[in-house]
1. I want to confirm something. Restricting to segment 239-250 and keeping residues that are of a type in the set (G, A, S) and surrounded by fewer than 19 Cβ atoms within 10 Å (Cβ to Cβ), which single residue is nearest to V194 (Cα to Cα)?
2. Given S272, S257, which one is assigned to a strand (DSSP E or B), open to solvent by less than 40 Å² (accessible area, probe 1.4 Å) and over 21 Å from Q177 (Cα atoms)?
3. Quick test for you: out of Y157, Y133, pick the one residue that is buried (at least 22 other Cβ atoms within 10 Å of the Cβ), among the aromatic types (F, W, Y) and under 27 Å from S53 (Cα atoms).
4. Scan segment 104-125 residue by residue and report those that are of a type outside the set (A, V, I, L, M), under 30 Å from G156 (Cβ atoms) and not in a strand (DSSP E or B).
5. Out of everything in segment 187-205 that is open to solvent by less than 20 Å² (accessible area, probe 1.4 Å) and of a type in the set (A, V, I, L, M), what residue ends up being farthest from F42 (Cα to Cα)?
6. Of everything in segment 228-238, what is farther than 19 Å from A190 by Cα and either open to solvent by 40 Å² or more (accessible area, probe 1.4 Å) or in contact with a Ser or Thr (Cβ under 9 Å, 6 or more places away or on another chain) (or both)? Give them in sequence order.
7. Which of (1) more than 19 Å from K193 (Cβ to Cβ); (2) at pLDDT 90 or above does P291 not meet, given it meets every other one?
8. Go through the residues of segment 126-137 one by one and say whether even a single one is of a type in the set (A, V, I, L, M), part of a loop (DSSP other than H, G, I, E, B) and in contact with a Phe, Trp or Tyr (Cβ under 7 Å, 6 or more places away or on another chain).
Amino acid sequence: MKLKFCLTFAALALSVTSVSAQARNFDLPSGCEYGRVKSYDFKSEDVRGAVESGYNIYNDPQTYPDPSNPDQTDYNQEEYANFFESLINLFNSFDYLRVEVPKHVVQDEVFRAKGNLFDRYANVHFNNSEFGYVGKDKSNLDANSYLNMKFSRTYGYGLVWINRAGGMCSAEGVWVQKKPRIVSGSATHASGKVQANIQYLIDKYSTAAKDTSVNARLIIRVRDDLYGQTASTSVSLSALQGNTTISVTPANPGINSVSVTLSDGKYTDGMSLGYVRVPGTPKPPCPRCQPL
(Lines give C-alpha, C1' and ligand atoms only; values in the text may rest on other atoms or scores of the structure.)
Protein backbone atom coordinates (compact mmCIF):
# COMPACT_ATOMS: atom_id res chain seq x y z
CA MET A 1 0.00 0.00 0.00
CA LYS A 2 1.50 3.28 -1.06
CA LEU A 3 1.00 6.16 1.31
CA LYS A 4 0.60 9.58 -0.19
CA PHE A 5 1.71 11.51 2.85
CA CYS A 6 3.23 14.86 2.01
CA LEU A 7 6.73 15.56 3.25
CA THR A 8 9.28 18.02 1.98
CA PHE A 9 12.86 16.86 2.30
CA ALA A 10 15.03 19.79 3.24
CA ALA A 11 18.76 19.37 2.87
CA LEU A 12 20.32 20.04 6.23
CA ALA A 13 23.24 22.40 6.60
CA LEU A 14 25.69 20.33 8.58
CA SER A 15 29.13 21.25 9.82
CA VAL A 16 31.57 20.04 12.44
CA THR A 17 30.65 22.76 14.90
CA SER A 18 27.01 23.64 14.33
CA VAL A 19 23.69 21.95 13.68
CA SER A 20 20.33 23.60 13.13
CA ALA A 21 17.32 22.20 14.96
CA GLN A 22 14.15 21.35 13.06
CA ALA A 23 10.53 20.96 14.13
CA ARG A 24 9.03 17.50 14.50
CA ASN A 25 7.29 16.09 11.46
CA PHE A 26 5.38 12.84 11.66
CA ASP A 27 4.59 12.38 7.97
CA LEU A 28 6.14 9.60 5.98
CA PRO A 29 8.40 10.43 3.06
CA SER A 30 6.49 10.68 -0.19
CA GLY A 31 5.99 7.26 -1.77
CA CYS A 32 6.94 5.34 1.37
CA GLU A 33 5.32 1.94 1.69
CA TYR A 34 3.84 1.20 5.09
CA GLY A 35 3.50 -2.45 6.04
CA ARG A 36 0.90 -3.69 8.51
CA VAL A 37 1.97 -6.88 10.24
CA LYS A 38 -0.39 -7.15 13.20
CA SER A 39 -4.15 -6.67 13.34
CA TYR A 40 -3.80 -4.05 16.06
CA ASP A 41 -1.59 -1.74 14.00
CA PHE A 42 -3.10 1.49 12.77
CA LYS A 43 -4.47 1.86 9.28
CA SER A 44 -2.38 3.88 6.88
CA GLU A 45 -4.57 6.98 7.12
CA ASP A 46 -4.29 6.96 10.92
CA VAL A 47 -0.54 6.45 11.22
CA ARG A 48 0.41 10.13 11.42
CA GLY A 49 -1.90 10.86 14.34
CA ALA A 50 -0.88 7.69 16.17
CA VAL A 51 2.82 8.46 15.86
CA GLU A 52 2.34 12.06 16.93
CA SER A 53 0.36 10.97 20.00
CA GLY A 54 3.05 8.47 20.88
CA TYR A 55 5.72 11.14 20.72
CA ASN A 56 3.82 13.82 22.58
CA ILE A 57 4.08 12.13 25.97
CA TYR A 58 5.19 15.43 27.48
CA ASN A 59 1.62 16.69 26.99
CA ASP A 60 0.18 13.67 28.77
CA PRO A 61 2.30 12.78 31.82
CA GLN A 62 2.38 9.07 32.55
CA THR A 63 2.20 7.56 36.02
CA TYR A 64 3.74 4.23 35.10
CA PRO A 65 5.98 3.00 36.52
CA ASP A 66 7.18 5.85 38.78
CA PRO A 67 4.72 8.71 39.36
CA SER A 68 7.29 10.56 41.48
CA ASN A 69 9.83 10.92 38.65
CA PRO A 70 9.65 14.53 37.39
CA ASP A 71 12.10 13.88 34.57
CA GLN A 72 9.58 11.67 32.85
CA THR A 73 7.91 14.64 31.13
CA ASP A 74 10.97 16.73 30.28
CA TYR A 75 11.11 17.91 26.70
CA ASN A 76 13.76 19.84 24.87
CA GLN A 77 13.24 20.34 21.16
CA GLU A 78 16.88 21.28 20.70
CA GLU A 79 17.80 17.64 21.32
CA TYR A 80 16.09 16.55 18.12
CA ALA A 81 18.14 18.16 15.41
CA ASN A 82 19.18 16.39 12.20
CA PHE A 83 15.70 15.03 11.43
CA PHE A 84 16.58 14.04 7.88
CA GLU A 85 19.87 13.55 6.12
CA SER A 86 20.17 15.31 2.81
CA LEU A 87 19.15 13.06 -0.07
CA ILE A 88 22.25 13.74 -2.14
CA ASN A 89 24.58 11.51 -4.17
CA LEU A 90 22.42 8.37 -3.89
CA PHE A 91 23.05 5.34 -6.08
CA ASN A 92 20.59 3.75 -8.47
CA SER A 93 18.29 1.26 -6.79
CA PHE A 94 16.70 -2.04 -7.63
CA ASP A 95 13.01 -2.74 -7.10
CA TYR A 96 12.88 -4.13 -3.58
CA LEU A 97 13.21 -2.69 -0.08
CA ARG A 98 11.61 -3.75 3.21
CA VAL A 99 12.24 -2.75 6.81
CA GLU A 100 11.91 -5.34 9.59
CA VAL A 101 11.65 -4.31 13.24
CA PRO A 102 10.30 -5.86 16.47
CA LYS A 103 6.61 -5.12 16.87
CA HIS A 104 7.12 -4.23 20.55
CA VAL A 105 10.17 -2.49 22.03
CA VAL A 106 10.99 -1.10 25.47
CA GLN A 107 11.22 2.66 25.87
CA ASP A 108 14.84 3.90 25.96
CA GLU A 109 16.29 0.46 25.18
CA VAL A 110 18.23 -0.30 22.02
CA PHE A 111 16.74 -2.61 19.40
CA ARG A 112 17.93 -3.61 15.95
CA ALA A 113 16.24 -2.62 12.70
CA LYS A 114 16.86 -4.64 9.55
CA GLY A 115 16.76 -3.54 5.94
CA ASN A 116 15.92 -6.34 3.53
CA LEU A 117 17.15 -5.47 0.04
CA PHE A 118 17.38 -6.89 -3.45
CA ASP A 119 21.07 -6.17 -3.90
CA ARG A 120 24.36 -6.23 -1.99
CA TYR A 121 26.65 -3.37 -0.93
CA ALA A 122 23.92 -0.71 -1.15
CA ASN A 123 23.66 2.13 1.36
CA VAL A 124 20.44 2.10 3.39
CA HIS A 125 19.40 5.07 5.53
CA PHE A 126 17.59 4.32 8.81
CA ASN A 127 15.09 6.73 10.42
CA ASN A 128 12.50 6.80 13.17
CA SER A 129 9.73 9.20 14.12
CA GLU A 130 11.48 10.48 17.24
CA PHE A 131 15.05 11.14 16.12
CA GLY A 132 14.59 11.30 12.37
CA TYR A 133 17.75 10.14 10.60
CA VAL A 134 19.61 7.65 12.80
CA GLY A 135 22.38 6.34 10.57
CA LYS A 136 23.17 4.21 7.56
CA ASP A 137 24.53 0.76 6.82
CA LYS A 138 25.70 -0.98 3.65
CA SER A 139 23.94 -4.22 2.79
CA ASN A 140 26.02 -7.39 3.29
CA LEU A 141 26.49 -10.52 1.21
CA ASP A 142 22.96 -11.61 2.15
CA ALA A 143 21.59 -8.26 0.90
CA ASN A 144 20.65 -7.22 4.44
CA SER A 145 21.60 -4.11 6.38
CA TYR A 146 21.27 -3.49 10.13
CA LEU A 147 21.28 -0.58 12.54
CA ASN A 148 20.64 -0.21 16.27
CA MET A 149 18.24 2.50 17.43
CA LYS A 150 15.82 3.32 20.24
CA PHE A 151 12.84 5.45 21.24
CA SER A 152 13.72 7.53 24.30
CA ARG A 153 10.61 9.67 24.78
CA THR A 154 8.03 8.02 22.57
CA TYR A 155 5.47 6.02 24.53
CA GLY A 156 2.85 4.35 22.37
CA TYR A 157 3.09 4.17 18.60
CA GLY A 158 6.31 4.99 16.79
CA LEU A 159 7.48 4.58 13.23
CA VAL A 160 10.69 3.22 11.71
CA TRP A 161 11.51 3.63 8.04
CA ILE A 162 14.42 3.07 5.70
CA ASN A 163 15.14 4.74 2.39
CA ARG A 164 17.67 4.43 -0.37
CA ALA A 165 18.38 5.46 -3.93
CA GLY A 166 15.58 6.38 -6.25
CA GLY A 167 13.30 7.50 -3.42
CA MET A 168 12.53 3.94 -2.34
CA CYS A 169 11.19 3.76 1.20
CA SER A 170 9.72 1.17 3.54
CA ALA A 171 8.12 1.87 6.94
CA GLU A 172 6.88 -0.18 9.86
CA GLY A 173 5.00 0.71 13.03
CA VAL A 174 6.43 -0.09 16.46
CA TRP A 175 4.72 -0.15 19.85
CA VAL A 176 6.93 1.46 22.49
CA GLN A 177 6.19 0.16 25.98
CA LYS A 178 7.41 -0.17 29.54
CA LYS A 179 8.59 -3.52 30.86
CA PRO A 180 6.23 -5.59 33.03
CA ARG A 181 6.91 -5.16 36.72
CA ILE A 182 6.37 -7.24 39.85
CA VAL A 183 5.73 -4.52 42.42
CA SER A 184 5.78 -6.74 45.49
CA GLY A 185 5.45 -10.37 46.51
CA SER A 186 5.45 -12.77 49.43
CA ALA A 187 5.36 -16.54 49.83
CA THR A 188 3.81 -18.78 52.47
CA HIS A 189 2.91 -22.43 53.05
CA ALA A 190 -0.71 -23.53 53.29
CA SER A 191 -2.27 -27.01 53.13
CA GLY A 192 0.76 -28.68 51.54
CA LYS A 193 1.21 -25.98 48.90
CA VAL A 194 3.50 -23.00 48.48
CA GLN A 195 1.46 -19.90 47.82
CA ALA A 196 2.66 -16.54 46.44
CA ASN A 197 0.80 -13.26 46.73
CA ILE A 198 1.85 -10.89 43.95
CA GLN A 199 1.18 -7.27 43.01
CA TYR A 200 2.02 -6.59 39.36
CA LEU A 201 1.89 -4.06 36.50
CA ILE A 202 1.65 -4.80 32.77
CA ASP A 203 2.00 -1.96 30.29
CA LYS A 204 -0.99 -0.97 28.15
CA TYR A 205 1.15 -1.10 24.99
CA SER A 206 2.60 -4.57 25.63
CA THR A 207 1.93 -7.61 23.47
CA ALA A 208 -0.54 -9.06 25.95
CA ALA A 209 -2.46 -5.78 26.08
CA LYS A 210 -2.65 -5.28 22.31
CA ASP A 211 -2.85 -8.82 20.93
CA THR A 212 -5.97 -10.73 21.97
CA SER A 213 -4.28 -14.05 21.15
CA VAL A 214 -1.55 -13.46 23.77
CA ASN A 215 -2.10 -13.76 27.53
CA ALA A 216 -0.01 -12.22 30.26
CA ARG A 217 1.17 -14.96 32.60
CA LEU A 218 2.52 -15.34 36.10
CA ILE A 219 4.77 -18.34 36.81
CA ILE A 220 5.81 -19.71 40.20
CA ARG A 221 8.81 -22.02 40.66
CA VAL A 222 9.60 -23.90 43.87
CA ARG A 223 12.89 -25.75 44.37
CA ASP A 224 13.70 -27.93 47.36
CA ASP A 225 17.00 -27.00 48.98
CA LEU A 226 18.12 -30.58 49.72
CA TYR A 227 17.79 -32.47 46.43
CA GLY A 228 17.14 -29.67 43.95
CA GLN A 229 13.77 -30.96 42.75
CA THR A 230 11.53 -28.31 41.26
CA ALA A 231 7.84 -27.75 40.71
CA SER A 232 6.19 -24.96 38.77
CA THR A 233 2.87 -23.76 37.44
CA SER A 234 1.47 -20.67 35.71
CA VAL A 235 -1.76 -18.71 35.52
CA SER A 236 -3.15 -16.31 32.94
CA LEU A 237 -3.79 -12.75 34.08
CA SER A 238 -7.00 -11.08 32.97
CA ALA A 239 -6.11 -7.58 34.18
CA LEU A 240 -3.12 -5.39 33.35
CA GLN A 241 -2.51 -4.57 36.99
CA GLY A 242 -3.61 -5.78 40.37
CA ASN A 243 -3.01 -8.45 43.00
CA THR A 244 -3.17 -12.17 42.43
CA THR A 245 -2.40 -15.42 44.22
CA ILE A 246 -0.69 -18.41 42.68
CA SER A 247 0.16 -21.72 44.35
CA VAL A 248 1.95 -24.98 43.55
CA THR A 249 2.55 -28.29 45.30
CA PRO A 250 6.30 -28.59 45.93
CA ALA A 251 8.21 -31.59 44.59
CA ASN A 252 9.62 -32.25 48.07
CA PRO A 253 8.88 -31.05 51.59
CA GLY A 254 11.54 -29.27 53.62
CA ILE A 255 13.17 -25.93 52.82
CA ASN A 256 12.09 -24.65 49.39
CA SER A 257 13.19 -21.53 47.52
CA VAL A 258 10.42 -19.63 45.77
CA SER A 259 10.59 -17.37 42.71
CA VAL A 260 8.01 -15.84 40.37
CA THR A 261 8.19 -14.57 36.78
CA LEU A 262 5.79 -12.15 35.11
CA SER A 263 5.48 -12.22 31.31
CA ASP A 264 3.65 -9.77 29.03
CA GLY A 265 4.03 -11.99 25.98
CA LYS A 266 7.52 -10.74 25.10
CA TYR A 267 9.25 -9.18 28.11
CA THR A 268 9.53 -10.56 31.63
CA ASP A 269 10.23 -9.53 35.19
CA GLY A 270 11.29 -11.86 37.98
CA MET A 271 11.46 -11.81 41.76
CA SER A 272 12.86 -14.13 44.39
CA LEU A 273 10.52 -14.59 47.34
CA GLY A 274 13.00 -16.29 49.62
CA TYR A 275 12.51 -19.63 51.37
CA VAL A 276 9.46 -21.45 52.71
CA ARG A 277 9.52 -24.46 55.05
CA VAL A 278 7.12 -27.17 53.95
CA PRO A 279 6.33 -29.72 56.71
CA GLY A 280 7.50 -33.28 56.11
CA THR A 281 10.67 -35.26 55.45
CA PRO A 282 12.38 -34.73 52.08
CA LYS A 283 12.71 -37.87 49.97
CA PRO A 284 15.47 -38.50 47.42
CA PRO A 285 14.25 -38.64 43.81
CA CYS A 286 16.05 -41.97 43.30
CA PRO A 287 17.43 -44.71 45.63
CA ARG A 288 21.07 -43.65 45.22
CA CYS A 289 20.53 -39.91 44.89
CA GLN A 290 22.55 -37.87 47.36
CA PRO A 291 21.74 -34.45 48.80
CA LEU A 292 23.25 -31.49 47.00
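1. G242
2. On the way: S272 fails: open to solvent by less than 40 Å² (accessible area, probe 1.4 Å).
That would be S257, the only listed residue that is assigned to a strand (DSSP E or B), open to solvent by less than 40 Å² (accessible area, probe 1.4 Å) and over 21 Å from Q177 (Cα atoms).
3. Y157
4. Q107, D108, E109
5. Narrowing segment 187-205 to residues open to solvent by less than 20 Å² (accessible area, probe 1.4 Å): 194, 196, 198, 200, 202-203.
Pick out the ones that are also of a type in the set (A, V, I, L, M) and you get 194, 196, 198, 202.
Values: V194: 44, A196: 39, I198: 34, I202: 21 Å.
Per the criteria, the residue is V194.
6. Applying the first criterion (farther than 19 Å from A190 by Cα) to segment 228-238 yields 228-229, 236-238.
Across segment 228-238, the qualifying residues are Q229, S236, L237, S238.
7. Condition (2) is where P291 drops out.
8. No, segment 126-137 contains no residue that is of a type in the set (A, V, I, L, M), part of a loop (DSSP other than H, G, I, E, B) and in contact with a Phe, Trp or Tyr (Cβ under 7 Å, 6 or more places away or on another chain).
The values are calculated or read from the model by the stated rules, or taken from the named source; none is laboratory data. Fair warning: this is a prediction, and the values are worked out from it, not measured in the lab. Please note: Cβ atoms are built from the backbone with ideal geometry, for glycine as well, and neighbour counts cover all protein chains shown. When the accessible area is computed, the model is the full protein with side chains, heavy atoms only, and any ligands, DNA or RNA have been set aside. Shrake-Rupley method; radii C 1.70, N 1.55, O 1.52, S 1.80 Å.
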